[in-house]
1. Hey, what angle do you get for helix 2-20 against the long axis of the chain, alpha-carbon based, 0 to 90 degrees rounded to 10?
2. When the chain is modelled as a GNM with alpha-carbon springs shorter than 10 Å, which of Ser40, Ser21, Ser11 fluctuates the most?
3. Within the accessible area of the chain, what % is carbon and sulfur when the probe is 1.4 Å and the other protein chains stay in place?
4. Once the Cα atoms of helix 25-56 and of the chain are each reduced to a long axis, what angle between those two axes, in degrees from 0 to 90 to the nearest 10, is obtained?
5. Computed from the coordinates I sent, Cα extents along the principal axes in Å equals one of (1) 37, 18, 14; (2) 43, 21, 11; (3) 53, 14, 9. Tell me the label.
Amino acid sequence: MLLSLFGISTSLFGIALILTSSGSATMLGLFTSFAGLIVSFVAFLLGEFKKVKDNLK
């Protein structure tokens, strides 16, 4: 859960960077937002694997 929240907050930080900056900092915000998306996706997959593992017992 905490990893998912970290990913969401990282994505929001990246969006804030995109909205408030100009020039090449926009690309930094885009990459930051994408990294947050990847972290959220990994957290989702880990949670689903844990559910499947618990159901197999």
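1. 20 degrees
2. Top of the fluctuation ranking is Ser21.
3. Percent of accessible area from carbon and sulfur atoms in the chain: 78.
4. That helix lies at roughly 0 degrees to the long axis.
5. Working out Cα extents along the principal axes in Å from the coordinates points to (3).
The values are calculated or read from the model by the stated rules, or taken from the named source; none is laboratory data. These numbers come from a predicted model, not from an experiment. Each accessible area value is taken on the protein alone, full model and side chains, heavy atoms only, with ligands, DNA and RNA left out. Shrake-Rupley method; radii C 1.70, N 1.55, O 1.52, S 1.80 Å.
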